[in-house]
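Here's the structure we're looking at; comments come further down.
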Protein chains: 2
Amino acid sequence: MATAENKQVVLKRYVEGAPKVTDMEMKIGKIELKAPKGSGAFLVKNLYLSCDPYMRGRMRNFHGSYIPPFLPAQPIEGFGVAKVLDSDNPNFKPGDFISGITGWEEYSLIHDTSQLRKIQPDDSIPLSYHVGLLGMPGFTAYVGFYEICSPEKGEHVFVSAASGAVGQLVGQLAKLHGCYVVGSAGSSQKVDLLKNKLGFDEAFNYKEEADLDAALKRYFPQGIDIYFDNVGGDMLDAALLNMRDHGRIAVCGMVSLHSFSDPNGIHNLFCLVPKRIKMQGFLQSDYLHKFPLFLEHVTENYKQGKIVYIEDMNEGLENAPAAFVGLFSGKNIGKQVICVARE
Amino acid sequence: MATAENKQVVLKRYVEGAPKVTDMEMKIGKIELKAPKGSGAFLVKNLYLSCDPYMRGRMRNFHGSYIPPFLPAQPIEGFGVAKVLDSDNPNFKPGDFISGITGWEEYSLIHDTSQLRKIQPDDSIPLSYHVGLLGMPGFTAYVGFYEICSPEKGEHVFVSAASGAVGQLVGQLAKLHGCYVVGSAGSSQKVDLLKNKLGFDEAFNYKEEADLDAALKRYFPQGIDIYFDNVGGDMLDAALLNMRDHGRIAVCGMVSLHSFSDPNGIHNLFCLVPKRIKMQGFLQSDYLHKFPLFLEHVTENYKQGKIVYIEDMNEGLENAPAAFVGLFSGKNIGKQVICVARE
């Protein structure tokens, strides 16, 4: 029976404030590259791992949420793309590629196949896109835009964290739908990508705007119909002032609220009544029955060159902690991915 | 041609903070008790006038809302019940009773008949109910509960400002719908009315609760499905922490936000995402096509004794400013109405 070294990223301790690289550490374990008989599990080699903002919630010692916390001294878990090496599950065979929840380690023994699916490698689509464009973040964009925002052609759409894993697809879906789309991001390089690569009508660097309300008034002189909110905080407050009657706000990640209590508070909710605004939080996992439709829509548009996707690829598992922490300072440009192995 | 004295309540100046009695003043004008030929208008004698929180918005010098501000030195406008004395409009005849927007004065000449309707006096229903139970506040309760909250039998419903013009009907509709209903109010007398007259399952005095979160956890150990929010502010923040998955928040008046910018801010919007909460502002005027259904439903239940309604009746136009100002300190018990004349 083959036994291998297994590099792992483990959570050292529960995190209160912003996560730091030192909240995680590398360990080297050993693993049998075999799925135990009768376990129903399968053994995978992890190829690509996904850094997603929601994971910060699992680093807290809080059990009341929709997903339990990580266990200290255990490998971090997250979405990934992996290749099956050995299997005791008849639905997964050696050589299969899968996308779903796996461990931040070189090899994982997978028992839980909920939210896990087999993927067909396709030369025209990078494998890593299955944790981005064609994975949870892409599906979040799709669900949030179509199911929560009820978009109409010609409507005015604002996307925050617009060059991120979710935002970049929201903007492109909105453009394909015939909307006017403006994105905000945190650097001139990101703004440039939004305008010149991702096809947004306009984009701005929120860090250069002393007055977010004034910035939104400049780009939306007639107001915003749809705000796809990836950040919460001051940007949400400014957007509320600029919503049109019957506007919709899809509340997605709220990176700035991942402090779990907005320190400044939101002051402009009084706008909800006179403007009849609907504000709705959502989780992509409630809509998995729509996943096949999503895959078809996005894959087709990608192959026709109508959708592009920007990844921030980090080589090597040892760079995973820094890549993850960088999410919360906006260091990443595009979808933050870790390449553990190419195949 | 009969000319009469016409007592009026006029707005002295635009208001910034909380309205004070001295922001209004009594004037005595003169009016011809006749509708000018060719005007299409009609002349009414005002019987009952309604004090509603939204009117504070019209006391500000702000033109960007769904309804324009009052004009200084002119009579305040609001919902009322009136009797037609003379008419140049073929649809309204002397002796007709109407409910709709009129002036805070003894007699008004009415040009605008939008949101105005004829009412049939009915011995079993007080005329004044047409600005409360059967008027805008009642319809607000109906629309907010059925159209915005999508209630299901057995769900857990929380209503703030629960003994007010809107809240008292929300709670009763929810009980009729088979829900568990808890209300909050600002005095033990109101709490008593909620439990013993209005049929709420439970009620509490928010002024006696040092920790609103703890209070809600006491009454909703399994969480809140529907929050009908009449106040905003700290109560909204506490409710967010206690919502169940897929909860709905109907954002109605936000009396505490009638300061037009919440001073403390709302800190718990991070709950929207993991709990998939929908929060929606609304105006009853968007749903006027449902008004006949509402009237039928509420009238029938009232006549069967299944709905009751509490009014805080103030005698005399000269008491209108104090009655209105009292709304914002919670002085009223039930729907705040001014009786100008009994017929």
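The values are calculated or read from the model by the stated rules, or taken from the named source; none is laboratory data. Because the structure is a prediction, the values reported are computed rather than measured. Positions of Cβ are generated from backbone atoms using ideal geometry, with glycine treated the same way; all protein chains shown enter the neighbour counts. Surface accessibility is based on the protein's heavy atoms, side chains included, excluding ligands, DNA and RNA. Shrake-Rupley method; radii C 1.70, N 1.55, O 1.52, S 1.80 Å.
Under the definition of Cα pairs under 8 Å and six or more residues apart, what whole-number percent is the relative contact order of the stretch A:197-343?
Computed over the stretch A:197-343, the figure is 17 percent.
Taking a quarter of the surface of the Cα convex hull of the stretch B:94-135, what do you get in nm²?
Orientation-averaged projected area of the Cα hull: 3.4 nm².
Quick one: which of B:316-327, A:282-293, A:178-189 comes out on top by average Cβ neighbours within 10 Å, and what's the full order, highest first?
A:178-189, B:316-327, A:282-293
Within 10 Å of each Cβ in B:281-287, how many Cβ atoms from other chains are there, averaged over the peptide?
Other-chain Cβ atoms within 10 Å of each residue's Cβ, averaged: 4.
Please list the non-local residues whose amide H lies under 5 Å from the amide H of residue A:267, H modeled 1.01 Å from N, same-chain partners needing a gap of 5 or more.
HN-HN under 5 Å from residue A:267: B:266.
Using a 7 Å offset from Cα along the direction of the beta-carbon, what are the separations from residue B:297 to the same position in each other copy, nm, ascending?
3.2
Using protein heavy atoms only (no ligands, DNA or RNA), what is the total accessible area buried between A and B, 1.4 Å probe, nearest 100 Å²?
Buried surface at the A/B interface: approximately 2500 Å².
Modelled label-to-label distance, residue A:63 and residue A:25, 7 Å Cα→beta-carbon offset: nm?
That separation, rounded to one decimal, is 2.6 nm.
Can you return the lysines within cross-link range of residue A:37? Criterion is Cα-Cα under 22 Å, with same-chain partners fewer than 8 residues away left out.
Once the sequence-local lysines are set aside, what remains near residue A:37 is A:45, A:83, A:93, A:118.
What's the magnitude of the charge dipole for the stretch B:206-343 around its Cα centre, counting Lys and Arg as +1 and Asp and Glu as -1 at the beta-carbon? Answer in Debye, nearest 20.
460
With the label 7 angstrom out along Cα to Cβ, how close does residue B:33 come to the same site in each of the other copies, in nm, nearest first?
10.3
Over the protein assembly as shown, what percent of the accessible surface lies on carbon and sulfur atoms, probe 1.4 Å?
50
Output wanted: per-residue J couplings in Hz (rounded whole) for the stretch A:275-285, from phi through Karplus 6.51 cos²θ - 1.76 cosθ + 1.60, θ = phi - 60°, x for Gly and Pro.
8, 6, 8, 9, 10, 9, x, 7, 10, 4, 5
Which percent of Cα-Cα pairs in the protein assembly as shown sits in each 10 Å bin, short to long?
Percent of Cα pairs in each bin: 3, 14, 21, 21, 16, 12, 7, 4, 2, 0, 0, 0.
Compute and list, largest first, the equivalent-ellipsoid semi-axes of the stretch B:136-285 from the alpha carbon gyration tensor, each √(5λ) rounded to a whole angstrom.
Values for the stretch B:136-285, descending: 19, 17, 16 Å.
When DSSP assigns beta bridges and you keep just the ones with both residues in chain B, what percent turn out antiparallel, to the nearest 5?
Rounded to the nearest five, the antiparallel share is 60 percent.
Quick one: compute the contact order of the stretch B:49-182, relative version, from alpha carbon pairs under 8 angstrom and 6+ residues apart, as a percent.
16
Per 5 Å bin, what percent of the C-alpha pairs of the stretch A:1-153 does each bin hold, from zero upward?
2, 9, 16, 19, 18, 16, 11, 6, 2, 1, 0, 0
Could you tell me how far the Cα centroid of the stretch B:269-293 sits from the Cα centroid of the stretch B:96-116, in Å?
Distance between centres, Cα-based: 29 Å.
Which distance in nm do the two modelled labels at residue A:322 and residue B:18 give, with both placed 7 Å along the Cα-to-Cβ direction?
Distance between label points: 5.7 nm.
Rounded to the nearest 500, what is the 222 nm mean residue ellipticity of the protein assembly as shown from helices alone, with -39500 (n - 2.57) per DSSP H run of 4+ residues and division by all residues?
-5500 deg cm²/dmol, from helical runs alone.
In percent, how large is the relative contact order of chain B, given Cα pairs closer than 8 Å and 6 or more residues apart?
So the answer I get is 17 percent.
With the cut-off at 37 Å, report for chain B the share of all Cα pairs above it, as a whole percent.
18
Have a look at B:57, B:35, B:9 and report the one farthest towards the positive end of the charge dipole of the stretch B:1-96, computed about the Cα centre with Cβ charges (Lys/Arg +1, Asp/Glu -1).
Ranked along the dipole, the leading option is B:9.
Residue of A with Cβ nearest the axis relating A to B, plus distance in whole Å?
A:265, 1
Ordered by residue, what ³J(HN,Hα) values in Hz, to whole numbers, does the stretch A:158-165 give under the Karplus form 6.51 cos²θ - 1.76 cosθ + 1.60, where θ = phi - 60° and Gly and Pro are x?
So the Karplus estimates, Gly and Pro as x, are 10, 10, 9, 6, 6, 9, x, 4 Hz.
For the stretch B:136-285, compute the number of Lys pairs whose alpha carbons are separated by less than 30 Å, excluding pairs fewer than 8 positions apart on the same chain.
Pairs that pass both the separation and distance tests number 28.
Please list, in order, the residues from the stretch B:96-134 whose amide nitrogen is less than 11 Å from a point placed 7 Å along the Cα→Cβ vector of residue B:39.
What the label zone holds, given the 11 Å backbone N cut-off, is B:108-112.
Copy-to-copy spacing for residue B:223, label 7 Å out on the Cα-to-C-beta vector, in nm, shortest first?
3.3
Taking H placed 1.01 Å from N in the peptide plane, check which residues at least 5 places from residue B:203 or on another chain put their amide H under 5 Å from its amide H.
When sequence neighbours closer than 5 places are left aside, the close amide H contacts are B:183.
Accessible area per residue for the stretch A:136-285 in Å², computed with a 1.4 Å probe and the full protein assembly in place, what is it?
Spelled out: the 1.4 Å probe surface of the stretch A:136-285, per residue, equals 32 Å².
How much accessible surface area, in Å² rounded to 10, belongs to the heavy atoms of residue B:342 with a 1.4 Å probe?
For residue B:342, the solvent-accessible surface is approximately 140 Å².
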